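Student: What follows is a structure written as structure tokens; I'll ask about it next.
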Amino acid sequence: MKAIRCDNPGVLMLIEQEKPVLQEGHAIVRVKRIGICGTDLHAYRGRQPFFTYPRILGHELSGVIEEIGENDSGLRVGDKVCIIPYLHCGECQACRRGKTNCCENIQVMGVHTDGGMKEWISVPVSHLLQANGLSFEGAAIVECLSIGAHAVRRANPEPQDKVLVIGAGPIGLGVMMAAVRKGATVAAMDMVEHRLDFCRRWAGVESVLTGDGDVEGKLRNLFGGELPDIVFDATGNKASMERVFHYASHRGTVVYVGLVRDDITFHDPLFHAKELTLHASRNATREDFEFVMKAIEDGVVDADEFVTHRVAFERVIDEFESWLNPANNVIKAMAVVE
């Protein structure tokens, strides 16, 4: 079978591999769609934490079960599935408490272990979700939107809360979608106008602003003289992540959704004066996947509009560089496997 491997930063290779053999407790899935995410792009650029080369990328996946044994999940050959790519150990302290998204020994497909940028993949049955009610593209975007849903669940906004989401990429859009669905008043901040337009149209945010000038003043104008109760930073940008403490209200909450390979510092007197709560948010859990799948099934999420660039699997290497160019207005690129 064909697979695409990142051998070193800036180097993608089309390789041949043996098709996986069915193992007990696993299923063989014919991959149909592969979402290209920030992790893939950062790995290609050599900026992805927790990453080693060479590595087959790809963890935003949907496909069809081709082989599966008896299982308690009711899955069968021919089922359309989306894949939970976070392989947890089930034994560490986090796993025992149900926090499988931050397992001490986690192996994320496409990061710590080879991913799904190939024609077939072997997946534990426990990490498959039946998705017959979704399109292949809808099933493939569940993972990236689930990261945003998990971040929102960490902060637990209420309908009266004012929320700011910084960063209008796919992860930030997932945060916006989930926060709007929870009933909060949501504003989006980014430096790219076309992304802010997309936030209004696709995520249903009430207000947008750029991250230049007097941001605190802009926020007070948007929120009736007050600052946001909850600020999500989905930029993965060190400078942005250090500024967010100024944007949150007193007794507010800050959630780091984006990840940066660097140290983050902040002014402790400000942090204490506001009595802020700071959360990290990592990956997602099955509950988050189910929340997003329900949103897609209910028509809240438009998968067709979210996927802005589509390419045949055989052309991924040729097109990969173009997805790094901001001028191409990429929200989500998707590889199609026939």
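The values are calculated or read from the model by the stated rules, or taken from the named source; none is laboratory data. Just so you know, these numbers come straight off a predicted model, no measurement behind them. Counting neighbours? That spans all protein chains shown, and the Cβs are built from the backbone with ideal geometry, glycine included.
Student: Looking only at residues in the stretch 100-140 that are of a type outside the set (A, V, I, L, M) and assigned to a strand (DSSP E or B), which one is nearest to Ala295 (Cα to Cα)?
Tutor: Gln130
Student: Taking the stretch 237-294 as the region of interest, how many residues are among the acidic types (Asp, Glu), touching a residue at least 40 places away in the same chain (Cβ under 8 Å) and in contact with a helix residue (DSSP H, G or I) (Cβ under 8 Å, 6 or more places away or on another chain)?
Tutor: 2
Student: Let me confirm something: among Ile83, Ile65, which residue is touching a strand residue (DSSP E or B) at 6+ places or on another chain (Cβ under 6 Å), in the same structural domain as Phe136 (by TED's automatic domain parsing), crowded, with 21+ Cβ neighbours inside 10 Å and within 22 Å of Lys2 (Cα to Cα)?
Tutor: Ile83
Student: Look through Val186, Val215 and report the one residue that is under 21 Å from Ala284 (Cβ atoms) and either in contact (Cβ under 8 Å) with a residue 40 or more places away in the chain or of a type in the set (A, V, I, L, M, F, W, C) (or both).
Tutor: Result of the check over Val186, Val215: Val186.
Student: Oh, and also: Residues being assigned to a helix (DSSP H, G or I), under 22 Å from the mean Cα position of the chain (by Cα) and not aliphatic (A, V, I, L, M): count how many of those fall in the stretch 187-223.
Tutor: 9
Student: Next question. Just checking, does the stretch 271-291 include any residue being modelled with pLDDT under 95 and either touching a Lys or Arg at 6+ places or on another chain (Cβ under 7 Å) or in the same structural domain as Val205 (by TED's automatic domain parsing) (or both)?
Tutor: no
Student: While we're on this one: Return the only residue of Leu22, Leu75, Leu41 being surrounded by 12 or more Cβ atoms within 10 Å (Cβ to Cβ), in contact with a Leu (Cβ under 8 Å, 6 or more places away or on another chain), in a loop (DSSP other than H, G, I, E, B) and of a type outside the set (Ser, Thr, Tyr).
Tutor: That would be Leu75, the only listed residue that is surrounded by 12 or more Cβ atoms within 10 Å (Cβ to Cβ), in contact with a Leu (Cβ under 8 Å, 6 or more places away or on another chain), in a loop (DSSP other than H, G, I, E, B) and of a type outside the set (Ser, Thr, Tyr).
Residues are listed down the side, and each one gets a yes or a no for (1) polar (S, T, N, Q); (2) assigned to a helix (DSSP H, G or I); (3) more than 30 Å from Gln130 (Cα to Cα):
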site	(1), (2), (3)
Glu242	no, yes, yes
Asp263	no, no, yes
Lys294	no, yes, no
Val311	no, no, no
Asp318	no, yes, yes
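Student: Taking His112 as meeting all but one of (1) crowded, with 16+ Cβ neighbours inside 10 Å; (2) modelled with pLDDT of 95 or more; (3) more than 30 Å from Phe245 (Cα to Cα), write down the number of the exception.
Tutor: Looking at each condition in turn, His112 falls short on (2).
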